[in-house]
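I have placed the structure first, in the form of structure tokens, so that the comments after it can refer back to it.
The values are calculated or read from the model by the stated rules, or taken from the named source; none is laboratory data. Values in this document were obtained by computation on a predicted structure and should not be read as measured data. FYI the Cβ positions are ideal-geometry reconstructions off the backbone, even for glycines, and counts take in every protein chain you see.
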Amino acid sequence: DTGVSQNPRHKITKRGQNVTFRCDPISEHNRLYWYRQTLGQGPEFLTYFQNEAQLEKSRLLSDRFSAERPKGSFSTLEIQRTEQGDSAMYLCASSHPRDGLFYEQYFGPGTRLTVT
Amino acid sequence: EDKVVQSPLSLVVHEGDTVTLNCSYEVTNFRSLLWYKQEKKAPTFLFMLTSSGIEKKSGRLSSILDKKELSSILNITATQTGDSAIYLCAVTGYGGSQGNLIFGKGTKLSVKP
């Protein structure tokens, strides 16, 4: 399978615990994005990387959230001191440039986080 | 603030019907509009429309971009139960947020046999 993969697919944690998610993008894609989706809403942008550089973070990304892409390949998203409001589907997407511009993003299956 | 509004939020039709989903947007320096289909998992890419490609078609699905009206429609003809999904519209701009997608809430389409 050469698509975007995410692990774990489901995570249940207790409030106050830390969690970490992993995303492996399509191999030739150098842009990687994280989104969060709650029920009845479209995905909301959190942050993105171009290679290993984190180029933008949304205002939604509180200090408890941190993302890394150390070698420009896979990425991790960590949430510290989880809160019930963090319960959501966390989606990863990747894209690559065509004609020097970045176009459609391809999404992974997501990690569903439930904070109890 | 950049935003995307989709209508209707939900729609129930019978197999064989034709449906039109709407998307309107406000974005700084529009670059592209994308349609995704989301079943019980991640969004899957359908179409991308830009200033140089305002109409796309694939099988029973087609989409048109109206840059003057800042809107797009997604048409599905001869609907099938497998078309049941949430259809998401998203836009990107050349403004401060280069590349990240701004999504609408989606239109939930239910196709009854």
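Can you pull out the residues in region B:13-32 that are under 8 Å from the mean Cα position of the chain (by Cα) and crowded, with 19+ Cβ neighbours inside 10 Å? First the steps, then the outcome.
Residues of region B:13-32 that are under 8 Å from the mean Cα position of the chain (by Cα), as a first pass: B:21-23.
Result: B:LEU21, B:CYS23.
Hey, among A:PHE49, A:PHE45, A:PHE65, which residue is of a type in the set (Phe, Trp, Tyr), under 12 Å from the mean Cα position of the chain (by Cα) and facing chain B (nearest Cβ under 10 Å)?
Numbers: A:PHE49 fails: facing chain B (nearest Cβ under 10 Å); A:PHE65 fails: facing chain B (nearest Cβ under 10 Å).
Residue meeting the stated conditions: A:PHE45.
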Subject >> All positions within region A:55-93 that are free of Cβ contacts under 8 Å to residues at least 24 places away in the same chain and closer than 12 Å to A:GLU44 by Cα >> reply: A:LYS57, A:SER58, A:ARG59, A:LEU61
Original post:
Using beta carbons and a limit of 7 Å, which pairs, at least six apart or on different chains, have the first residue in region B:32-49 and modelled with pLDDT under 95 and the second one among the acidic types (Asp, Glu)?
Top reply: B:LEU34/A:GLU104; B:PHE45/A:GLU104; B:MET48/A:GLU104
Subject >> Selection within region B:62-113 - without any contact (Cβ under 8 Å) to a residue 60 or more places away in the chain, among the polar types (S, T, N, Q) and closer than 13 Å to B:THR20 by Cα >> reply: B:SER62, B:SER63, B:SER71, B:SER72, B:ASN75, B:THR77
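Table: residues versus (1) in a loop (DSSP other than H, G, I, E, B); (2) out of contact with any Ser or Thr (no Cβ under 9 Å at 6 or more places or on another chain); (3) crowded, with 17+ Cβ neighbours inside 10 Å.
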{"position": "A:PHE49", "(1), (2), (3)": "no, no, yes"}
{"position": "A:ASP63", "(1), (2), (3)": "yes, yes, no"}
{"position": "A:SER66", "(1), (2), (3)": "no, no, no"}
{"position": "A:LEU77", "(1), (2), (3)": "no, no, yes"}
{"position": "A:ARG81", "(1), (2), (3)": "yes, yes, no"}
{"position": "A:TYR90", "(1), (2), (3)": "no, no, yes"}
{"position": "A:LEU113", "(1), (2), (3)": "no, no, yes"}
Original post:
Does A:ARG15 meet the test of being at pLDDT 95 or above and assigned to a loop (DSSP other than H, G, I, E, B)?
Top reply: yes
**OP:** Specify the residue that is modelled with the lowest pLDDT; the eligible residues are those in region A:51-61 that are surrounded by 14 or more Cβ atoms within 10 Å (Cβ to Cβ) and assigned to a loop (DSSP other than H, G, I, E, B).
**Re:** A:LEU61
**OP:** Go through (1) surrounded by 15 or more Cβ atoms within 10 Å (Cβ to Cβ); (2) modelled with pLDDT of 95 or more; (3) charged (D, E, K, R) and name the single condition A:ARG31 misses.
**Re:** (2)
